[in-house]
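Quick notes on the structure that follows.
The values are calculated or read from the model by the stated rules, or taken from the named source; none is laboratory data. This is a predicted model, so every value here is computed, not measured. Neighbour counts are summed over all protein chains in view; Cβ atoms, including those assigned to glycine, are modelled from backbone coordinates with ideal geometry. The area values use the complete protein model at the heavy-atom level, side chains included, leaving out ligands, DNA and RNA. Shrake-Rupley method; radii C 1.70, N 1.55, O 1.52, S 1.80 Å.
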Amino acid sequence: MDAVAGGADGQISERKTLRFCLCSEDSAEVEGEEPPLPCSSDSGLLDCSVMSFSMKRSGVRFFLMFFLALGAAAQGALDSIYRLRRMKPENAAEGRPVELQAQVVRTNPLQNGLFIFDGEEGVFVEGPTDPAVVKGLKQGDLVRIAGVTTAGGFAPAVRAESIEVVGHEPVPDGRPVQNNDFLSTGLDATWVQVRGRVLSLTRSANSKFIQVEVRRNARILNLQVPYSKENMKKLESHLFSFVHCNAVAGTVFNLNRQMVDRIFYVHSADDFRKAGTEFRMNVEMEARIHELMRFRMVVNRPIRTFGTVIHAAEGEIFIRNEKAGLRVSVPPATQVKPGDEVAVVGIVDPQPVSPAFIAGSVEVLGHSGPLEPITIDLQKDPIDARLNFNLIQVEAELVDYSSEYFSEDGSTMQLLRCRAGEQVFDVVLPADMQHDERLEPGAELRLTGLCNILKRPDRRWYLDVVGFRLEVRDAGDVEVLSPAPWWNTRRLLWFSGSAVTSSALFLIWIAALRKTVERQTRIISEKVEREAVMEERSRMARELHDNLEQGLAGASIQLSGCQRLVELNREQQLAFLEQFESMMENDRQGALIERQRFEVEKAAAKNSRALEVVENMVMRCSQESRATILELRGGLLEKMDLLSAVEISIEPLARECGAELQYEHKGNPVRLKLKAERNLLLFIKEAVSNAARHASPSVIRVMIEYQDDALDILVEDDGIGFDVSGSVKLGHFGLQGMRERAEQLHGELNVMSEKGKGTSICLKIPSLRKWLVS
């Protein structure tokens, strides 16, 4: 709840008094106004005394009516507080023009505002931008105000643009207020008269106001007076006197424009006047502390009671007799000490458990020495409500210690939570008390202090005691009987927490170690498996090299020998035919010789081609076997990436044929499965090998391009080219092998060549997702 004092802009007043002739011509409603409230005979205000009170101010009313008549000439401007106060907030927020003439009843230069009253209604006025205007006004000034309406915080108000003083008159007495009207929302901003007994004076925290508590029957009224030494001195002379004063009824409200409390603004202490002699301080009753508020005791008159001081603080003392204790609010200048026998005169202040006291005077009768506290055994006896406000002593165990506790006046204190048997209670230490390191949970304490009995708040029909709070006076009231054991609950919790944390960390370490061991075991197993595989592959490679490769090499040698034998046989047969031809004598025999020579050449060519096909097949098998042996012994792809392996593999091929090698790659390389990289390496190697062996190129260009999820490989040369549509020579398997590898990789192979214009081989793999290493 955001409470704002009624001195803020905007207050509301319900119309509950007769308007007489002053506003008789203004009864018509205007746009945005709320209709006038009907008069009610049971409002508490509309009675003969009110009418008599209004009649006595006829001179002021006539004067104000004269100026209101002059202001009515301004067309379109509101000239009546009555009409202004009945506007709806949303209409008042539109800033409608206002011209009012009334009397200043209170100024507030701190907020640059003032309250004005026209004899019937009051309203809050926000001063002009120049604060000197409000500071120059006095109570009783007759003013003409021009400005605009505002919604105000609680009720429509006025924002003044100009204030003109047109005269000065003593302010009239305010409207008498009945008990049932103090919380009426319509009382806001009204000039009223407050009656009651002054109970207390409090200087505000900012030292700008004096808060005055006045009791009217059973109701406590809050009044605010500007602070000055003169005002404070005058008000102190009225303590516990029955007074009446004129004031502006202010409103405390929240952001929903709802009233939450009432406060009365008094212009000066001079406005307080004593109401009669029957309530003066010298007319008093006497009663003992334990007799206060008993049956048939008059509580609205001063009472004199006696006791011995058990504690004295600023503005408050505690006294007791043989049967009860009493908290007494005293004037600020009171000088007493524990052990003083005192008589206090004041008013009984009812409290939930036992009465308190508001003293106007304190008289020291003597000194008996400090009283001993009442010893209470909480483990045997329950707390007694008769101990309220008394000095007691208990023994208890300290359960908890809090460094801060905010008391009712906002000061910071220290708080102990203690336990005796099943009784748990709080101990409030003074704010200036030094911290004792021995005050640790588990310590056994002997505590002396002022007992405050706590009542169960939800059961108002009888006194249900639920506990107590002990207020320690000084450090001497806290005695450590035995310090807290080293092995206390807090250390046990700390040790348990440490043990649990250590166990948790140990289990986490064990889990991490287990994962590490499993990972190392897996790595070792994989390494052993890989070494075993490599060893087996090496054995197979040796077997292939020693058997298959050697056999293929021998077969190749034999085929070469056969090729030479075929050539030698052809030469021998041709030589024999030439020798035989020289012996022939006729042409017919010569034709036979030519025919025989043709058959020899034909047979030799046929045998040579057959041997060449077999030799190519053996060479192809030898190449495949060497590649297989290389892979089995740990090929290039197990030592490096694909790009490096391609470069190492094709450089010797280009160098052997004397061609220039242009090798490049684009994109972000990714590692593929060994099968895929091996097929790609052999594909590129085969393409370059074919170009080097058959195309007689001057330049061989190899380009590998990695795309998002694809791979393009281009191998081209500027050699002699070949007819792509022609049949493949018998014994040449290079192009067929490249097509097979492209199919294994789910790729697309495109071969473009033309005789005399070189060859271009392009492999496109649209998706590498299947071949990526996980």
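Enter the accessible area of F272 (Å², nearest 10), with the probe set to 1.4 Å and all protein chains included.
10 Å²
How much accessible surface area, in Å² rounded to 10, belongs to the heavy atoms of D436 with a 1.4 Å probe?
40 Å²
Considering the options S498, F580, L592, tell which one lies farthest towards the positive end of the dipole of segment 490-620, charges being +1 on Lys and Arg and -1 on Asp and Glu at the Cβ, about the Cα centre.
Of the listed residues, the answer is S498.
Quick check for me: using +1 on Lys/Arg Cβ and -1 on Asp/Glu Cβ, what's the dipole size of segment 490-620 about its Cα centre, in debye to the nearest 20?
1860 debye
Kirkwood hydrodynamic radius for segment 81-172: how many Å is it when counted over pairs of different Cα atoms?
12.9 Å
So how do 458-469, 335-346, 510-521 stack up, highest first, on mean other-Cβ count within 10 Å?
Sorting 458-469, 335-346, 510-521 by mean packing, highest first, produces 335-346, 458-469, 510-521.
Using the alpha-carbon centroid of each, what span in Å lies between segment 326-385 and segment 176-231?
After rounding, the separation between the Cα centres reads 28 Å.
For segment 442-461 and segment 664-726, compute the distance between their C-alpha centroids and round to whole Å.
95 Å
Based on the mean of other beta carbon atoms within 10 Å per residue, what is the order of 160-167, 523-530, most packed first?
Output ranking for 160-167, 523-530: 160-167, 523-530.
In straight Cα distance, which lysines are under 19 Å from K135, not counting same-chain residues fewer than 8 positions off?
Result set, ordered by chain and number: K208.
Once you charge only the Cβ atoms, +1 for Lys and Arg and -1 for Asp and Glu, what is the size of the charge dipole of segment 637-765 about its Cα centre, to the nearest 20 debye?
Dipole size: approximately 360 debye.
What percent do you get for the relative contact order of segment 254-343 when only Cα pairs under 8 Å and 6+ apart count?
22 percent
How big is D, in µm² s⁻¹, for segment 374-485 by Stokes-Einstein at 20 °C and 1.002 mPa s if Rh is the Kirkwood radius over C-alpha pairs?
After rounding, the answer is 148 µm²/s.
Using only protein heavy atoms and a 1.4 Å probe, report how much of E754 is accessible, in Å² to the nearest 10.
100 Å²
Based on the mean of other beta carbon atoms within 10 Å per residue, what is the order of 680-687, 86-93, most packed first?
Put in order of decreasing packing, that is 680-687, 86-93.
With the Cα gyration tensor of segment 637-765 in hand, give its eigenvalues times 5 under a square root as the equivalent ellipsoid semi-axes, listed largest first in whole angstrom.
Equivalent ellipsoid semi-axes, largest first: 23, 17, 13 Å.
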